[in-house]
Amino acid sequence: MDRTRLEQHLTLVDDEIAANEEQMRRLCELIAKLERGGQDSRETRKRLIALEAFQALRLADRELIKQELALFQQKRKKIW
């Protein structure tokens, strides 16, 4: 993948991470509301757990992209 595509992909991943964080926050609020009302929160908890697992993958993906971009930067600094 070329540098431009990596940068574009990084932007998309960053946006997705931010959206996931917001969704996880809302799910936590919903769980608290359900539990305060004595309602079952199991399905919402399952969704939160799944989203947290997906978020971990996206965070790892972001780090790999950053590492690849750093390699591009190192290659540019070489004066051969």
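Derivation of every value follows stated rules applied to the coordinates shown; laboratory data play no part. Because the structure is predicted, anything quoted here is derived from the model rather than measured. Here the Cβ positions follow ideal geometry from the backbone for every residue, glycine too, while neighbour counts run over all protein chains shown.
Some notes on this structure:
- Tilt relative to the chain, helix 42-77 - C-alpha long axis, 0 to 90 degrees, to 10: 10 degrees
- Straight-line cross-link partners of Lys66 among the aspartates and glutamates, defined as a Cα under 12 Å from its Cα and at least 8 positions apart when in the same chain: Glu7, Asp14.
- Per-residue ³J(HN,Hα) for region 32-38, Karplus 6.51 cos²θ - 1.76 cosθ + 1.60, θ = phi - 60°, Hz, x for Gly and Pro: 4, 5, 4, 5, 4, x, x
- Of the residues Arg47, Arg62, Arg36, the one that moves most in a GNM of the chain with alpha-carbon contacts below 10 Å is Arg36.
- Placing pseudo-labels 7 Å out from each Cα toward the beta carbon at Lys75 and Arg25 gives an inter-label distance of 3.8 nm.
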